[in-house]
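Values quoted throughout were computed directly from the atomic coordinates according to the rules given, and no laboratory measurement underlies them. Keep in mind it's a predicted model, so treat the numbers as computed, not measured. Please note: Cβ atoms are built from the backbone with ideal geometry, for glycine as well, and neighbour counts cover all protein chains shown.
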2 protein chains.
Amino acid sequence: MASGSRSAGRVRLKDVADRAGVSMKTVSNVVHDYEFVSPQMRERVQAAIDELGYRPNLTARRLATGKTSMIALALPVVDQPYYAEIARYIGEEAERRGYRIIVEQTLNGVEAERAVIRDREEGLVDGVIFHPVRIGTLEIARLRPGTPIVLLGESARPLTTDHVMIDNTQAARDGVELLLAENRSRIAFLADVRGDITESTHLRLLGYQEALLTAGIQPDPELVLRSDGFTIEDGVAAIAAAIERGIHFDAVLSRDDTFAMAALRALQAAGRSVPDEVSVLGWDDTVLAHSSTPALSAISPDKFAIATTALDLLEDRMKGYEGTGRHRIAPYTIIERGTTAALQR
Amino acid sequence: MASGSRSAGRVRLKDVADRAGVSMKTVSNVVHDYEFVSPQMRERVQAAIDELGYRPNLTARRLATGKTSMIALALPVVDQPYYAEIARYIGEEAERRGYRIIVEQTLNGVEAERAVIRDREEGLVDGVIFHPVRIGTLEIARLRPGTPIVLLGESARPLTTDHVMIDNTQAARDGVELLLAENRSRIAFLADVRGDITESTHLRLLGYQEALLTAGIQPDPELVLRSDGFTIEDGVAAIAAAIERGIHFDAVLSRDDTFAMAALRALQAAGRSVPDEVSVLGWDDTVLAHSSTPALSAISPDKFAIATTALDLLEDRMKGYEGTGRHRIAPYTIIERGTTAALQR
DNA sequence: ATGAAAGCGCTAACAT
DNA sequence: ATGTTAGCGCTTTCAT
């Protein structure tokens with residue numbers, strides 16, 4: 001009847017202090033490995049901690065310090081391979097640096113994205129890493145939160161916000177050049193997706209075009225395939241339609257691994273062999289690339305670098321850096337597996 | 001010089017109260033949509049909230065209420081398709097119910113798994129959903145935390161802990177029966193992985209064997225393929241070795257989608273067509289199954305059901321339910337795509 | 001080297 | 001219907 005508050009074995013700092021016959025400060029000192037604590041005192045307090053099974057209440061600590069040691073990671077969805085892999089690396093690296101990750105799926109919703117940068121995590125996290133797809137630069141700049149934030153992905157760089165991405169245009173150019181070096185000259189781009197308001201397609205298409213022009217090839221608009229959506233079925237339909245229309249191509253540069261899978265499927269259905277007749281180059285180098293037959297050659301963003309860079313930038317901000325937006329380019333490589341090869345003629 | 005604490009526009013409940021000329025309680029009332037607030041008062045307070053841009057500090061609320069509205073989700077890794085998909089559904093459902101998810105990757109580490117059920121999240125989350133792979137029933141029961149917990153996956157059911165899984169044995173049986181119905185009689189199981197200490201293989205192998213016996217077929221130990229690891233390369237090697245040794249089989253039941261991809265690759269390399277010569281049935285029905293060519297037939301656990309059931313169980317516990325461990329079986333289906341077909345003879 | 005006490009911002013009795 | 005105030009458990013000056 002007296003000590004009503006001790007529910008479920010919850011042991012508080014005060015309890016340890018009482019047990020050890022010292023003040024809370026002293027207990028706090030040993031919990032934090034404060035340097036100037038006499039060995040015997042440390043031992044005595046530690047004993048009390050162990051006996052009572054004391055664990056600091058993190059929520060209380062947070063309120064007192066103002067630091068949450070948590071970072072929100074806002075992604076469109078966590079089960080799409082590219083995002084899943086980004087989440088994995090950010091999760092691992094955050095753990096290493098002493099942060100926990102709260103995952104937020106925006107599910108391609110404009111409102112959900114707005115919520116992320118507006119208020120969603122107020123006082124909950126120290127910072128947020130956000131991969132927007134629906135809202136643009138201006139809106140992000142306008143709705144700037146009090147919380148440190150770093151952006152991921154291809155959206156154009158807001159001047160006021162930190163940002164990490166790979167050089168999409170350069171990567172597309174490199175991809176096309178690789179295909180060109182394999183004697184491919186009719187290179188299809190898969191695909192310009194209807195309703196895609198993101199910046200990435202634009203940038204990639206730019207690189208695609210530049211590489212072609214540089215090689216003295218006039219880009220053929222017919223080779224920029226159209227798709228009605230982002231699913232594998234949409235991709236299959238796009239390729240199938242092109243074949244149907246008699247459009248000739250001997251290589252395809254895909255906007256992501258999923259569409260590359262689509263190309264593999266549609267090509268096989270059409271009886272065209274990969275890579276003998278047509279090369280296909282994926283983008284993202286996800287688990288899909290490793291799993292397909294033949295294994296997919298792909299442009300491979302350095303996801304580990306993306307994760308560490310994002311965290312570097314974010315930690316700066318969390319430590320008080322207030323400069324204008326920084327813009328980091330993460331490296332990528334092109335990994336050749338089984339879907340690209342020199343054309344024999 | 002006077003109001004030193006107002007850093008970075010941080011607005012507190014008290015500030016709103018002062019601005020509106022009311023008490024904190026009244027502000028709190030409107031923040032929480034408390035019923036008995038006069039309309040004009042509500043309006044006045046709301047105006048102050050808007051003007052000041054007030055957002056409740058969630059950490060403080062947590063400390064006061066003792067509820068964190070956060071759930072830890074501890075998975076081996078978040079970028080393996082099956083786990084990624086589970087994470088997605090749990091994330092979505094948790095959001096719907098008003099919880100946030102903290103993701104914890106145990107990376108197949110024993111210590112990381114122990115940490116999860118021991119103390120890792122003390123006072124940080126209201127409960128944890130945990131998919132163990134390294135630690136067993138007994139250890140879990142022994143290290144039982146003060147925090148509500150529900151287990152996912154095939155580890156044997158600890159009597160004291162809630163648990164959701166699919167009926168692995170039955171699913172394997174159904175899978176084999178489907179293959180049998182397609183006139184396949186030499187069904188390989190891919191694979192018994194060396195060093196795999198999890199319960200799942202055991203359970204699945206049991207169902208595999210039962211189905212065979214029921215059909216009057218004596219299981220051939222040679223058809224239980226061995227693999228040195230869990231990667232696709234390991235799977236390819238296992239199948240290739242079997243073919244090399246001249247072991248005949250006309251179907252393969254795979255322990256997961258990754259190994260099914262391996263089967264597709266090894267079979268193609270050996271010039272054996274799928275599904276004409278050999279059927280392959282995957283397990284998990286992940287994005288890999290949708291992406292391959294041919295698209296993979298697979299045993300498909302109802303991941304949405306797993307997510308909602310786990311959350312149901314966990315919410316019970318968080319509300320104080322203290323009974324013994326409950327054990328829920330989630331449904332599954334078998335989805336036939338392009339890698340299974342009746343054997344023509 | 002250790003102790004006392006004032007917050008951190010919010011909630012929830014309890015009072016009016 | 002609205003106001004007062006004592007915590008929630010920890011950190012952190014400021015004393016000693």
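Rounded, prolate or oblate, given the Cα gyration tensor of the range B:186-314, with a/c below 1.5 counting as rounded? Verdict is prolate for the range B:186-314. Extending 7 Å from the Cα toward the beta-carbon at both A:Asp33 and B:Asp192 defines two label points whose distance is 4.6 nm.
Across peptide A:73-83, the average count of Cβ atoms from other chains found within 10 Å of a residue's Cβ is 5. All other residues whose Cβ lies under 14 angstrom from that of B:Leu203 are scored, Lys and Arg at +1 and Asp and Glu at -1, for a net of -4.
Restricting the calculation to Cα atoms, every distinct pair contributes to the Kirkwood radius of chain B, found to be 23.1 Å. Could you check what % of the DSSP bridge pairs in chain B are antiparallel, to the nearest 5? For chain B, the DSSP antiparallel bridge percentage is about 10. When the trypsin sites (Lys or Arg not before Pro) in the range B:159-209 are filtered for DSSP coil states and for at most 16 other beta-carbon atoms within 10 Å of their beta-carbon, the remaining sites are B:Arg186, B:Arg194. First check a/c for the protein assembly as shown, with a ≥ b ≥ c the square roots of the eigenvalues of its C-alpha gyration tensor; if it is under 1.5, answer rounded, and if not, answer prolate when a/b is larger than b/c or oblate otherwise. The shape class here is oblate. Its relative contact order, with pairs defined as Cα atoms under 8 Å and 6+ residues apart, puts the range A:168-301 at 25 percent.
Cβ crowding within 10 Å ranks B:Asp316, B:Asp220 as B:Asp220, B:Asp316, fewest other Cβ atoms first. The separation of the range B:49-108 from the range A:135-189, counted between C-alpha centres, amounts to 29 Å. With R₀ set to 35 Å, the beta-carbon distance separating B:Lys25 from A:Leu107 gives a calculated FRET efficiency near 0.40. Rounded to the nearest 20, the Cβ-based charge dipole of chain A about its Cα centre (Lys and Arg +1, Asp and Glu -1) stands at 1400 debye. Counting only DSSP beta bridges whose two residues both lie in the protein assembly as shown, roughly 15 percent are antiparallel. The lysines within cross-link reach of A:Lys319, meaning a Cα-to-Cα straight distance under 28 Å and a gap of 8 or more places when in the same chain, are A:Lys25, A:Lys67, A:Lys303, B:Lys14.
Between B:Glu95 and A:Asp15, the simple label model (points 7 Å from Cα in the Cβ direction) yields a spacing of 3.7 nm. Placing pseudo-labels 7 Å out from each Cα toward the beta carbon at B:Ile217 and B:Ala269 gives an inter-label distance of 2.5 nm.
Hydrodynamic radius of the range B:1-107 by the Kirkwood approach over all distinct alpha-carbon pairs: 16.8 Å. Longest segment of chain B with no GluC sites (Glu not before Pro) in a DSSP loop having at most 12 other Cβ atoms within 10 Å? Longest site-free region, per DSSP loop and neighbour criteria: B:36-321.
Projecting the Cα atoms of A:Ala305, B:Leu343, B:Gln170 onto the charge dipole of the protein assembly as shown, computed from C-beta unit charges around the Cα centre, puts A:Ala305 farthest toward the positive end. Proximity of backbone amide H atoms, modeled 1.01 Å from N, is registered between A:Val252 and A:Ala188, A:Ser279, A:Val280, A:Leu281 at under 5 Å, excluding neighbours fewer than 5 places apart on the same chain.
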